[in-house]
1. Report the net charge of residues surrounding residue 109, where surrounding means a beta-carbon distance below 15 angstrom and charges are Lys +1, Arg +1, Asp -1, Glu -1.
2. With a 1.4 Å probe and all protein chains left in place, how much accessible area per residue does segment 2-292 have, in Å²?
3. Give the peptides 90-102, 49-61, 114-126, 141-153 in descending order of average Cβ contacts within 10 Å, highest first.
4. Pairs to check: 151/208; 159/185; 151/228; 159/208. Give those whose C-alpha atoms are more than 31 Å from each other in this structure.
5. Normalised by the residues of segment 2-292, what does the relative contact order come to in percent, with Cα pairs under 8 Å and at least six apart?
6. Scan the chain and note any complete DSSP helix (H) whose C-alpha atoms cover at least 15 Å along its axis and whose Kyte-Doolittle average is 0.0 or more.
7. Where a ≥ b ≥ c are the square roots of the eigenvalues of the C-alpha gyration tensor, would you call segment 1-121 rounded, which needs a/c under 1.5, or, failing that, prolate if a/b is larger than b/c, or oblate?
8. Enumerate the whole-percent occupancy of each 10 Å bin, from 0 to the last occupied one, for all C-alpha pair distances of segment 2-292.
Amino acid sequence: MIEKRMVKLLDRYRVTSGKGFRLGNCDPCDTAGLDVEKNHAAELLQKGVDRLSELQDMLYAQDRWSVLCIFQAMDAAGKDGAIKHVFSGVNPQGCQVHSFKAPTPLDLDHDFLWRHSVALPERGRIGIHNRSWYEEVLVVRVHPHILGGEKLPPPVIGKNIWDERLEDIAAYERYLARQGTVVLKFFLNVSKAEQKRRFLARIEEPEKNWKFSAGDVAERAHWDAYMKAYDAAIRATAAPHAPWFVVPADQKWFTRLAVVAAIVEALEALDLHYPKVTKEEKAALEVARKALV
Ligand code: ATP
Ligand code: MG
(Lines give C-alpha, C1' and ligand atoms only; values in the text may rest on other atoms or scores of the structure.)
(Ligands and ions follow the chains in the order given, each with its own letter.)
Protein backbone atom coordinates (compact mmCIF):
# COMPACT_ATOMS: atom_id res chain seq x y z
CA MET A 1 0.00 0.00 0.00
CA ILE A 2 1.09 3.52 -0.66
CA GLU A 3 1.67 5.59 2.44
CA LYS A 4 -1.47 7.06 3.94
CA ARG A 5 0.02 10.53 4.19
CA MET A 6 0.59 10.54 0.44
CA VAL A 7 -2.93 9.49 -0.42
CA LYS A 8 -4.34 11.97 2.09
CA LEU A 9 -2.59 14.89 0.48
CA LEU A 10 -4.37 14.16 -2.79
CA ASP A 11 -7.74 15.25 -1.44
CA ARG A 12 -6.50 18.81 -1.60
CA TYR A 13 -5.68 18.64 -5.29
CA ARG A 14 -8.28 16.30 -6.73
CA VAL A 15 -11.02 18.14 -8.62
CA THR A 16 -14.01 15.95 -9.48
CA SER A 17 -16.56 18.68 -10.04
CA GLY A 18 -16.27 22.06 -11.62
CA LYS A 19 -18.69 23.52 -9.12
CA GLY A 20 -16.98 26.25 -7.16
CA PHE A 21 -13.58 25.52 -8.67
CA ARG A 22 -11.26 28.47 -9.07
CA LEU A 23 -7.68 28.13 -10.16
CA GLY A 24 -6.98 31.36 -8.31
CA ASN A 25 -7.62 29.51 -5.03
CA CYS A 26 -4.90 26.94 -5.73
CA ASP A 27 -1.50 27.70 -4.23
CA PRO A 28 1.43 26.69 -6.48
CA CYS A 29 3.76 26.62 -3.43
CA ASP A 30 1.63 24.34 -1.27
CA THR A 31 3.13 21.11 0.07
CA ALA A 32 0.12 19.85 2.02
CA GLY A 33 1.97 20.32 5.29
CA LEU A 34 4.50 17.74 4.17
CA ASP A 35 7.77 19.08 5.44
CA VAL A 36 10.31 16.64 4.15
CA GLU A 37 13.90 17.34 3.39
CA LYS A 38 15.05 16.41 -0.07
CA ASN A 39 16.43 12.98 0.87
CA HIS A 40 13.26 12.06 2.62
CA ALA A 41 11.21 13.14 -0.36
CA ALA A 42 13.35 10.98 -2.62
CA GLU A 43 12.63 7.99 -0.37
CA LEU A 44 8.90 8.64 -0.44
CA LEU A 45 8.97 9.07 -4.20
CA GLN A 46 10.86 5.78 -4.56
CA LYS A 47 8.16 4.00 -2.57
CA GLY A 48 5.53 5.40 -4.91
CA VAL A 49 7.57 4.48 -7.99
CA ASP A 50 8.07 0.91 -6.71
CA ARG A 51 4.37 0.49 -5.96
CA LEU A 52 3.46 1.86 -9.38
CA SER A 53 5.81 -0.68 -10.93
CA GLU A 54 4.06 -3.58 -9.12
CA LEU A 55 0.62 -2.34 -10.07
CA GLN A 56 1.61 -1.78 -13.68
CA ASP A 57 2.81 -5.38 -13.92
CA MET A 58 -0.63 -6.59 -12.86
CA LEU A 59 -2.39 -4.08 -15.11
CA TYR A 60 -0.43 -5.50 -18.04
CA ALA A 61 -1.02 -9.13 -17.06
CA GLN A 62 -4.74 -8.59 -16.54
CA ASP A 63 -5.01 -6.81 -19.89
CA ARG A 64 -8.43 -5.23 -19.28
CA TRP A 65 -8.08 -1.67 -18.01
CA SER A 66 -6.02 1.03 -19.65
CA VAL A 67 -4.80 4.20 -17.98
CA LEU A 68 -4.48 7.58 -19.64
CA CYS A 69 -2.38 10.18 -17.81
CA ILE A 70 -2.69 13.64 -19.32
CA PHE A 71 -0.12 16.28 -18.41
CA GLN A 72 -0.90 19.93 -18.98
CA ALA A 73 1.01 22.96 -17.77
CA MET A 74 2.58 26.27 -18.60
CA ASP A 75 6.15 26.07 -19.92
CA ALA A 76 8.83 25.08 -17.40
CA ALA A 77 6.28 23.76 -14.91
CA GLY A 78 8.08 20.43 -14.84
CA LYS A 79 6.03 18.08 -17.04
CA ASP A 80 9.10 16.41 -18.48
CA GLY A 81 10.76 15.95 -15.09
CA ALA A 82 7.57 14.62 -13.52
CA ILE A 83 7.14 12.08 -16.33
CA LYS A 84 10.81 11.06 -16.13
CA HIS A 85 10.73 10.45 -12.36
CA VAL A 86 7.23 9.12 -11.79
CA PHE A 87 7.45 6.47 -14.51
CA SER A 88 11.10 5.58 -13.87
CA GLY A 89 10.16 2.14 -12.51
CA VAL A 90 7.58 1.24 -15.11
CA ASN A 91 8.34 -1.43 -17.70
CA PRO A 92 8.77 0.49 -20.99
CA GLN A 93 6.75 -2.22 -22.76
CA GLY A 94 3.76 -1.37 -20.63
CA CYS A 95 3.59 2.34 -21.29
CA GLN A 96 3.38 4.64 -24.26
CA VAL A 97 4.46 8.28 -24.17
CA HIS A 98 3.24 10.85 -26.67
CA SER A 99 4.15 14.54 -26.80
CA PHE A 100 1.66 16.61 -28.71
CA LYS A 101 3.02 19.64 -30.54
CA ALA A 102 1.29 21.84 -33.12
CA PRO A 103 -0.84 19.61 -35.38
CA THR A 104 0.62 18.35 -38.68
CA PRO A 105 -1.19 18.73 -42.04
CA LEU A 106 -2.37 15.12 -41.66
CA ASP A 107 -3.77 15.92 -38.20
CA LEU A 108 -5.56 18.96 -39.62
CA ASP A 109 -7.27 16.75 -42.17
CA HIS A 110 -9.19 15.23 -39.26
CA ASP A 111 -11.27 16.30 -36.29
CA PHE A 112 -9.18 17.51 -33.37
CA LEU A 113 -9.58 14.37 -31.26
CA TRP A 114 -8.29 12.10 -34.01
CA ARG A 115 -4.56 12.31 -33.40
CA HIS A 116 -5.09 11.82 -29.68
CA SER A 117 -7.50 8.99 -30.20
CA VAL A 118 -5.05 6.95 -32.30
CA ALA A 119 -2.46 7.46 -29.55
CA LEU A 120 -4.67 6.11 -26.73
CA PRO A 121 -3.18 3.33 -24.61
CA GLU A 122 -4.10 -0.24 -25.42
CA ARG A 123 -5.73 -2.35 -22.73
CA GLY A 124 -3.21 -3.23 -20.04
CA ARG A 125 -1.07 -0.16 -20.83
CA ILE A 126 -0.45 3.24 -19.36
CA GLY A 127 -0.60 6.11 -21.86
CA ILE A 128 1.31 9.25 -20.97
CA HIS A 129 0.17 12.25 -22.95
CA ASN A 130 2.49 15.24 -22.66
CA ARG A 131 -0.09 17.86 -23.70
CA SER A 132 -3.39 16.66 -25.08
CA TRP A 133 -6.75 17.59 -26.60
CA TYR A 134 -6.87 20.33 -23.98
CA GLU A 135 -4.50 22.38 -26.16
CA GLU A 136 -7.55 22.90 -28.38
CA VAL A 137 -9.21 24.93 -25.64
CA LEU A 138 -5.99 26.49 -24.32
CA VAL A 139 -3.41 27.61 -26.89
CA VAL A 140 -6.06 27.80 -29.62
CA ARG A 141 -8.38 29.79 -27.36
CA VAL A 142 -5.59 32.16 -26.34
CA HIS A 143 -4.56 32.57 -30.02
CA PRO A 144 -7.83 32.33 -31.95
CA HIS A 145 -6.05 32.85 -35.29
CA ILE A 146 -4.89 29.19 -34.95
CA LEU A 147 -8.53 28.21 -35.35
CA GLY A 148 -8.48 29.78 -38.80
CA GLY A 149 -5.85 27.24 -39.88
CA GLU A 150 -7.82 24.22 -38.68
CA LYS A 151 -9.71 23.75 -41.97
CA LEU A 152 -13.09 23.86 -40.24
CA PRO A 153 -16.11 24.69 -42.39
CA PRO A 154 -17.21 28.21 -41.37
CA PRO A 155 -20.72 27.25 -40.18
CA VAL A 156 -19.27 25.13 -37.34
CA ILE A 157 -17.27 28.05 -35.96
CA GLY A 158 -19.81 29.74 -33.75
CA LYS A 159 -19.54 32.01 -30.77
CA ASN A 160 -19.93 29.04 -28.42
CA ILE A 161 -17.08 27.09 -29.95
CA TRP A 162 -15.02 26.87 -26.73
CA ASP A 163 -17.95 25.66 -24.65
CA GLU A 164 -18.82 23.19 -27.38
CA ARG A 165 -15.27 21.86 -27.47
CA LEU A 166 -15.23 21.50 -23.70
CA GLU A 167 -18.54 19.66 -23.86
CA ASP A 168 -17.15 17.31 -26.51
CA ILE A 169 -13.99 16.66 -24.49
CA ALA A 170 -16.04 15.91 -21.37
CA ALA A 171 -18.31 13.56 -23.33
CA TYR A 172 -15.31 11.80 -24.89
CA GLU A 173 -13.66 11.30 -21.52
CA ARG A 174 -16.89 9.84 -20.15
CA TYR A 175 -16.98 7.49 -23.12
CA LEU A 176 -13.38 6.43 -22.47
CA ALA A 177 -14.15 5.79 -18.80
CA ARG A 178 -17.10 3.62 -19.82
CA GLN A 179 -14.75 1.68 -22.07
CA GLY A 180 -12.40 0.87 -19.20
CA THR A 181 -9.88 3.66 -19.64
CA VAL A 182 -8.93 5.34 -16.39
CA VAL A 183 -8.52 9.01 -17.23
CA LEU A 184 -6.27 11.07 -14.92
CA LYS A 185 -5.53 14.69 -15.77
CA PHE A 186 -2.69 16.64 -14.20
CA PHE A 187 -2.35 20.38 -14.28
CA LEU A 188 1.09 21.26 -12.95
CA ASN A 189 0.35 24.55 -11.30
CA VAL A 190 3.50 26.68 -11.41
CA SER A 191 3.51 30.34 -10.38
CA LYS A 192 4.51 33.10 -12.77
CA ALA A 193 7.40 34.05 -10.45
CA GLU A 194 8.76 30.49 -10.38
CA GLN A 195 8.46 30.24 -14.16
CA LYS A 196 10.60 33.36 -14.45
CA ARG A 197 13.25 31.82 -12.14
CA ARG A 198 13.31 28.65 -14.25
CA PHE A 199 13.58 30.60 -17.53
CA LEU A 200 16.48 32.61 -16.07
CA ALA A 201 18.20 29.39 -15.03
CA ARG A 202 17.80 28.10 -18.60
CA ILE A 203 19.47 31.26 -19.88
CA GLU A 204 22.23 31.38 -17.29
CA GLU A 205 23.24 27.73 -16.84
CA PRO A 206 24.99 26.31 -19.94
CA GLU A 207 23.66 22.77 -19.41
CA LYS A 208 20.12 24.16 -19.39
CA ASN A 209 20.52 26.45 -22.44
CA TRP A 210 19.05 23.80 -24.74
CA LYS A 211 15.76 23.94 -22.85
CA PHE A 212 15.33 27.64 -23.44
CA SER A 213 12.99 28.79 -26.16
CA ALA A 214 12.31 32.45 -26.91
CA GLY A 215 8.78 31.38 -27.89
CA ASP A 216 8.14 30.38 -24.27
CA VAL A 217 8.83 33.96 -23.17
CA ALA A 218 6.34 35.19 -25.77
CA GLU A 219 3.69 32.78 -24.42
CA ARG A 220 4.34 34.04 -20.89
CA ALA A 221 2.98 37.42 -21.98
CA HIS A 222 -0.41 35.68 -22.30
CA TRP A 223 -0.29 34.27 -18.76
CA ASP A 224 -3.63 35.66 -17.61
CA ALA A 225 -5.44 34.47 -20.73
CA TYR A 226 -4.01 30.98 -20.20
CA MET A 227 -5.10 30.95 -16.57
CA LYS A 228 -8.62 31.91 -17.63
CA ALA A 229 -8.63 29.18 -20.26
CA TYR A 230 -7.34 26.56 -17.78
CA ASP A 231 -9.92 27.66 -15.24
CA ALA A 232 -12.74 27.19 -17.76
CA ALA A 233 -11.33 23.86 -18.97
CA ILE A 234 -11.00 22.38 -15.49
CA ARG A 235 -14.44 23.61 -14.48
CA ALA A 236 -16.08 22.11 -17.56
CA THR A 237 -14.34 18.75 -17.53
CA ALA A 238 -13.67 17.77 -13.90
CA ALA A 239 -15.65 14.63 -13.12
CA PRO A 240 -15.37 11.65 -10.77
CA HIS A 241 -14.58 9.42 -13.77
CA ALA A 242 -12.02 11.88 -15.19
CA PRO A 243 -10.61 13.91 -12.29
CA TRP A 244 -8.19 16.77 -12.59
CA PHE A 245 -5.30 16.97 -10.16
CA VAL A 246 -4.24 20.58 -9.80
CA VAL A 247 -0.80 19.85 -8.43
CA PRO A 248 1.37 22.59 -6.92
CA ALA A 249 4.45 22.84 -9.12
CA ASP A 250 6.74 25.40 -7.54
CA GLN A 251 8.54 22.60 -5.69
CA LYS A 252 9.46 19.82 -8.05
CA TRP A 253 9.86 17.12 -5.38
CA PHE A 254 6.31 17.74 -4.24
CA THR A 255 4.81 17.71 -7.75
CA ARG A 256 6.33 14.29 -8.42
CA LEU A 257 5.11 12.88 -5.12
CA ALA A 258 1.57 14.08 -5.72
CA VAL A 259 1.51 12.71 -9.27
CA VAL A 260 2.78 9.27 -8.33
CA ALA A 261 0.36 9.13 -5.38
CA ALA A 262 -2.58 9.95 -7.64
CA ILE A 263 -1.71 7.24 -10.15
CA VAL A 264 -1.04 4.63 -7.48
CA GLU A 265 -4.32 5.47 -5.77
CA ALA A 266 -6.25 5.12 -9.02
CA LEU A 267 -4.63 1.79 -9.85
CA GLU A 268 -5.23 0.45 -6.35
CA ALA A 269 -8.91 1.23 -6.74
CA LEU A 270 -9.08 -1.15 -9.73
CA ASP A 271 -8.48 -4.27 -7.63
CA LEU A 272 -5.87 -5.51 -10.07
CA HIS A 273 -4.71 -9.10 -9.88
CA TYR A 274 -2.82 -11.59 -12.00
CA PRO A 275 -5.14 -13.70 -14.14
CA LYS A 276 -6.29 -16.78 -12.21
CA VAL A 277 -5.33 -20.15 -13.68
CA THR A 278 -8.23 -22.58 -14.12
CA LYS A 279 -8.06 -26.28 -13.20
CA GLU A 280 -7.76 -27.18 -16.88
CA GLU A 281 -4.96 -24.67 -17.40
CA LYS A 282 -3.15 -26.06 -14.33
CA ALA A 283 -3.45 -29.54 -15.77
CA ALA A 284 -2.05 -28.26 -19.07
CA LEU A 285 0.90 -26.73 -17.18
CA GLU A 286 1.60 -30.15 -15.64
CA VAL A 287 1.54 -31.76 -19.06
CA ALA A 288 3.97 -29.11 -20.28
CA ARG A 289 6.26 -29.73 -17.28
CA LYS A 290 6.44 -33.42 -18.13
CA ALA A 291 7.10 -32.65 -21.78
CA LEU A 292 10.20 -30.64 -20.84
CA VAL A 293 13.02 -33.07 -21.31
P1 ATP B 1 9.31 21.18 -23.94
O2 ATP B 1 9.36 22.65 -24.16
O3 ATP B 1 9.61 20.78 -22.53
O4 ATP B 1 10.07 20.38 -24.94
P5 ATP B 1 6.61 21.38 -24.80
O6 ATP B 1 5.42 20.52 -24.53
O7 ATP B 1 6.50 22.81 -24.37
O8 ATP B 1 7.82 20.68 -24.11
P9 ATP B 1 7.24 22.39 -27.36
O10 ATP B 1 7.69 21.77 -28.62
O11 ATP B 1 8.05 23.48 -26.75
O12 ATP B 1 6.97 21.24 -26.32
O13 ATP B 1 5.78 23.00 -27.52
C14 ATP B 1 4.76 22.37 -28.15
C15 ATP B 1 3.85 23.47 -28.59
O16 ATP B 1 2.83 22.92 -29.38
C17 ATP B 1 3.21 24.20 -27.43
O18 ATP B 1 3.39 25.56 -27.55
C19 ATP B 1 1.75 23.84 -27.58
O20 ATP B 1 0.89 24.87 -27.17
C21 ATP B 1 1.65 23.60 -29.07
N22 ATP B 1 0.48 22.78 -29.39
C23 ATP B 1 0.13 21.60 -28.88
N24 ATP B 1 -1.07 21.20 -29.34
C25 ATP B 1 -1.49 22.17 -30.17
C26 ATP B 1 -2.65 22.37 -30.94
N27 ATP B 1 -3.62 21.47 -30.95
N28 ATP B 1 -2.75 23.48 -31.68
C29 ATP B 1 -1.77 24.39 -31.68
N30 ATP B 1 -0.64 24.28 -30.96
C31 ATP B 1 -0.49 23.20 -30.21
MG1 MG C 1 8.08 24.20 -24.69
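1. Result for the local shell: -1.
2. Here the per-residue accessible area is 52 Å².
3. 49-61, 114-126, 90-102, 141-153
4. Pairs exceeding the cut-off: 151/208; 159/208.
5. 36 percent
6. 252-268
7. oblate
8. Once binned at 10 Å, the Cα pair distances of segment 2-292 give 6, 26, 33, 22, 8, 3, 2, 0.
The values are calculated or read from the model by the stated rules, or taken from the named source; none is laboratory data. These numbers were taken from a predicted model, which means no experiment stands behind them. Because the Cβ atoms are built from the backbone with ideal geometry, glycine has one as well, and the counts that use them run over all protein chains shown. These area figures cover heavy atoms from the full protein model, side chains too; ligands, DNA and RNA do not enter into them. Shrake-Rupley method; radii C 1.70, N 1.55, O 1.52, S 1.80 Å.
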